[in-house]
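Only one structure is covered here, and it is reproduced in the block below.
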Amino acid sequence: MSRNRLFTFPLLLSIIAMVLAACGAQSAAPPAEPQVVVQTQVVRETQIVEVEKPVEVVVTPTPGPNPEAMIADVEDGAEITFWTFYLSPTFDEYIQNTIARFNEAYPNVTVNWEDRQATLQDEYRNSLAAGNAPDVVNVPTDWVQELAQKDQLLNMSEALPQSVIDQYYPGLFNQVNVGGSSYQVPWYQAVDGYLVNTDVISKAGFTLEDMPTTFDEQKEFCRAVYAATDIPCGLRLNTGNLLKSMAYEGGVEVMNADGSAFTFDSPEAVQWLQDYADMINEGSTARDILLLADADDRIGLERFTSGQMPFYVTGPQLIRIVRESNPGLYGYLAMVPRAVGRSNALPPVSMSIVVSKNTQYPKASAALAAFFSNPQSMLEFSKIVQIFPSTPESYEDPYFTQAPVAIEDQIRPIAQDIISKQQNIMPEIPNPADVNEVVRQAVESVIFGGADAQTALTDAVQQANELLD
């Protein structure tokens, strides 16, 4: 901005003084005239010239691109449908606010949000088959492979620019690759741990320091607690992907190296299955919870909330439900890391966002999926409920670095370390739903029907291999 300046110009006036002397005659010159001194005065005049002060004009700069608008050439006038899973009504405000922020980044896109609950999987499968699926859907990550193998999902490795892909942990973006590509973006993550009822374990003679750290210690711990208190554990298998439970917990190689044959009837697999059969038969883990479907997960939580379990394997986000349902139990709660399986690997525990391949608006749909899972959206969601971001940048916020106070916060400072080490050790399973059904029947025949574990698994391997043809 110009500054007002004063400029001074000196005006010099010169006055010439002359002294005249009289001329005298050569001979008898008359007396000289007296000398006259004329005094002169030099006067300096200062002129002040004022320059007119310029008028200050405030110019509002043209706003730059919204930094959260990371997808170019989004379809103008797109109208997309977004389904979430079990988020309403608890998180209505967060979802609506995030959609409003999305509209600031992509003002010409309309988002219609609907929440689905127990019927989501069937509804989504049916809508995909009918060709009228919602554009963007929040699904458990275990569902992604089946849908991608049926060519029903948008390839996110191709749809997203590298700058968006780079905002996620690589192990999470690539956790369910099909043909070398990701068909999901990782949304909120869970850090599984033991939610412990310290009152129950203390009656069995244990402290938090005695909580099991390995799969084998877990079996013995449940036996000891049951013997002392008559209260069983409430262990649950991943009914949607039983081979995954085998691999992480039992250290089982479920397929050979080239993916040409299943191998889940190995001694490691037989031991894993027999361990669960033993616990069911002796009563040290609850019979009616072990093979509950994901949609019925709250049944086990309700039993823990009523004080009928020593611990519950869950994330800290569910402590809120326990506190609301049984405030008196809250003071007895503690959160510690869960046991690591024989594989010594940590499985991702996550929810994903996928885009239906038949969407009319692939760019707008990919933009919405990336927006809900970007660092800012993930951080804001984490501050509402105990979930954990799939984006490293989110963990730079003091929310994740400050010392914990509440029971719900005890895992927060170490969550990033846990999540960064999560890895997918599973091969790409052909026909995963059909294979899982074969495995489920074998597992149930051993655990609930008393069948021989080796025989049941060998028969299941043969049936699963037939599905590869």
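Report, for the chain, the % of DSSP beta bridges that are antiparallel, rounded to 5.
On the way: 28 of 40 bridges.
Percent antiparallel among DSSP bridges in the chain is about 70.
Between Asn431 and Ala406, what's the calculated FRET efficiency when r is the beta-carbon distance and R0 is 56 Å? Round to 0.05. Intermediate results must be reported in sequence, preceding the final value.
Details: r = 45 Å, r/R0 = 0.80.
Efficiency computed from Cβ-Cβ geometry: 0.80.
Is region 337-413 best put as rounded, prolate or oblate by its Cα gyration tensor, with a ≥ b ≥ c the root eigenvalues, rounded for a/c under 1.5, and otherwise prolate when a/b is larger than b/c, oblate when not? Show your work: numbers first, answer last.
Working: a/c = 3.06, a/b = 1.52, b/c = 2.01.
The shape class here is oblate.
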Using the Karplus equation 6.51 cos²θ - 1.76 cosθ + 1.60 (θ = phi - 60°), what ³J(HN,Hα) coupling, rounded to whole Hz, does each residue of region 306-313 give in order, writing x for Gly and Pro? 7, x, 10, 8, x, 7, 9, 7
Taking every C-alpha to C-alpha distance in region 125-228 and binning by 5 Å from 0, the per-bin percentages run 2, 10, 17, 14, 10, 7, 8, 10, 10, 8, 4, 1
Can you tell me the length gained on complete extension of the stretch Glu217 to Asp397, counting 0.36 nm per residue apart and subtracting the Cα distance? 61.2 nm
FRET efficiency estimate (nearest 0.05) - Cβ-Cβ, Asp199 to Arg440, R0 41 angstrom: 0.70
Residue order, fewest to most beta carbons within 10 Å, for Leu273, Leu318: Leu318, Leu273
Could you list the trypsin sites (Lys or Arg not before Pro) in region 307-375 that lie in coil according to DSSP, counting only those with at most 10 other Cβ atoms within 10 Å of their Cβ? none
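May I ask you to sort Glu209, Glu75 by Cβ crowding, counting other Cβ atoms within 10 Å and putting the fewest first?
By the 10 Å Cβ count, ascending, the order reads Glu209, Glu75.
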Can you run phi through the Karplus equation (6.51, -1.76, 1.60; θ = phi - 60°) for region 324-329 and list ³J(HN,Hα) in whole Hz, with x for Gly and Pro? 6, 7, 9, x, x, 7
Could you state the angle between the C-alpha long axis of helix 215-229 and the longest principal axis of the C-alpha atoms of the chain, as a value from 0 to 90 degrees rounded to the nearest 10? 70
Nonlocal amide H pairs with Gln422, under 5 Å, H built at 1.01 Å: none
Once label points are set 7 Å from the Cα along Cα→Cβ at both Glu158 and Glu93, what is their separation, rounded to one decimal in nm? 4.2
Taking the number of other C-beta atoms within 10 Å as the exposure measure, put Tyr330, Tyr183, Tyr106 in order starting with the fewest. Tyr330, Tyr106, Tyr183
Extension gain (nm, one decimal) between Asn108 and Asn126, 0.36 nm per residue minus Cα-Cα: 3.5 nm
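Only the coordinates and a few stated rules stand behind these numbers; no lab work does. Just so it is clear, the model here is predicted, and its values are computed rather than measured. Neighbour counts are summed over all protein chains in view; Cβ atoms, including those assigned to glycine, are modelled from backbone coordinates with ideal geometry.
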